[in-house]
């Protein structure tokens with residue numbers, strides 16, 4: 001991506017949107033995932049896990065996580081020890097977040113079975129059934145993510161999934177972060193495994209001697225995890241592809257530069273590959289945010305990561321909010337913040353976004369942790385075609401038809417005509433058989 005220097009250490013694209021070159025625009029919109037670069041490596045690991053089971057999982061855990069396990073599963077003793085050492089106040093905050101997440105997803109529950117009478121004798125309906133088993137992946141690495149455990153396990157439990165397991169990478173000493181284990185208990189996970197990376201995805205998809213096979217795998221991860229999820233879809237469904245986290249902020253002159261800059265910095269501290277974009281109708285705000293980002297980038301705790309991430313950042317100005325909205329819909333961000341004087345004007349025109357945060361007091365972190373909406377979201381433009389994690393990811397739907405003789409008679413000629421036109425004569429005969437037709441002898 002082309003870039004202007006704000007300082008020697010803080011770099012981002014800072015231009016009028018109309019002046020952004022074609023190459024720069026392509027860089028902003030494409031957000032290359034890197035899946036193609038790791039596909040072959042991932043495929044080899046998955047093949048080993050499928051063939052060798054626990055032996056392969058153990059081998060790759062030792063190779064990549066530097067931990068040699070004889071038992072991958074977290075024991076009850078480990079749970080008890082971890083949870084007993086957590087500050088009581090922090091545990092209450094975890095439960096507050098869990099309660100909000102549970103309430104929001106309960107509101108999404110569909111009617112389990114419904115019917116409509118299309119016409120006399122023809123009753124149609126739909127039956128919603130939860131999946132039987134789900135595997136939730138919670139990343140490790142640079143940090144622990146108990147919030148992701150809540151976001152993946154709670155909706156599955158609310159949906160009625162019978163078995164929910166969690167895989168999360170072990171720490172250097174072979175343990176799992178205590179708050180992650182507490183989150184698994186609070187959320188209602190059945191089992192937790194100290195496994196990460198491709199080997200964890202493979203174990204959940206294929207099943208091993210220790211890890212049960214699941215019907216679906218959900219949760220974010222790095223490019224290797226995402227590639228693995230994409231490659232196992234012949235045996236286990238997934239939620240959607242997800243890459244580095246991103247935010248796009250639409251703001252006008254009413255926005256506070258310190259707040260907007262803090263949201264850019266918060267996004268940037270996720271990962272060196274995170275993407276932060278401000279598109280605004282106010283040049284004065286753009287300049288003020290640029291200067292404030294420079295200050296905050298030097299002061300923030302994870303400054304080293306933030307400064308690298310800001311190479312992927314952009315502050316863009318446009319002549320109107322309508323043009324800012326058009327760019328946002330093309331970008332299809334994972335997180336979209338709307339900080340303008342007329343919030344509904346913008347919200348009504350948004351077509352593509354994973355999760356939308358409306359107003360100066362709705363920053364992305366509140367959704368990451370505690371408002372109740374889900375933070376497992378499509379990135380890299382996939383919000384154009386995928387929804388963020390929700391109850392429907394844990395359900396399947398069967399259609400129902402209850403049809404009487406009179407109801408079938410009203411459709412008889414239509415079905416016979418269309419079946420014969422397609423050359424499916426037995427289909428037509430199956431209808432005729434209900435009205436006295438006999439096969440020739």
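The values are calculated or read from the model by the stated rules, or taken from the named source; none is laboratory data. Small disclaimer: the values here were computed from a predicted structure and weren't measured. Every residue, glycine as well, gets a Cβ built from its backbone with ideal geometry; the counts of neighbours run over all protein chains shown.
Considering 165, 86, 122, which residue is buried (at least 20 other Cβ atoms within 10 Å of the Cβ) and either in the same structural domain as residue 227 (by TED's automatic domain parsing) or in contact with a helix residue (DSSP H, G or I) (Cβ under 8 Å, 6 or more places away or on another chain) (or both)?
Going through 165, 86, 122 in turn, the sole match is 165.
In the range 239-253, is there at least one residue being under 18 Å from the mean Cα position of the chain (by Cα) and farther than 21 Å from residue 354 by Cβ?
Checked the range 239-253: no residue is under 18 Å from the mean Cα position of the chain (by Cα) and farther than 21 Å from residue 354 by Cβ.
Residue under question is residue 351, and the condition is that it be assigned by TED's automatic domain parsing to the domain that holds residue 12 and either at pLDDT below 95 or in a loop (DSSP other than H, G, I, E, B) (or both); does it hold?
So residue 351 passes the test.
Could you check residue 59 against (1) surrounded by 13 or more Cβ atoms within 10 Å (Cβ to Cβ); (2) in contact (Cβ under 8 Å) with a residue 40 or more places away in the chain; (3) closer than 28 Å to residue 177 by Cα and say which number it fails?
Every listed condition holds for residue 59 apart from (2).
Being touching a strand residue (DSSP E or B) at 6+ places or on another chain (Cβ under 6 Å), surrounded by 15 or more Cβ atoms within 10 Å (Cβ to Cβ) and over 30 Å from residue 240 (Cα atoms) narrows it down to one residue among 388, 407; which is it?
407
When you go through (1) modelled with pLDDT of 95 or more; (2) farther than 24 Å from residue 72 by Cβ one by one for residue 212, which number turns out not to apply?
So residue 212 meets the others, but not (2).
Take residue 375 and decide whether it is assigned to a loop (DSSP other than H, G, I, E, B) and under 21 Å from the mean Cα position of the chain (by Cα).
yes
Does residue 64 satisfy being over 26 Å from residue 156 (Cα atoms) and touching a residue at least 60 places away in the same chain (Cβ under 8 Å)?
Criteria met by residue 64.
Give me the helices (runs of 4 or more DSSP H) completely within the range 1-110, filtered to those with at least 3 residues that are within 30 Å of residue 211 (Cβ to Cβ), ordered by residue number.
Once the helices (runs of 4 or more DSSP H) in the range 1-110 are filtered for at least 3 residues that are within 30 Å of residue 211 (Cβ to Cβ), what remains is 35-52, 54-65, 76-84, 88-106.
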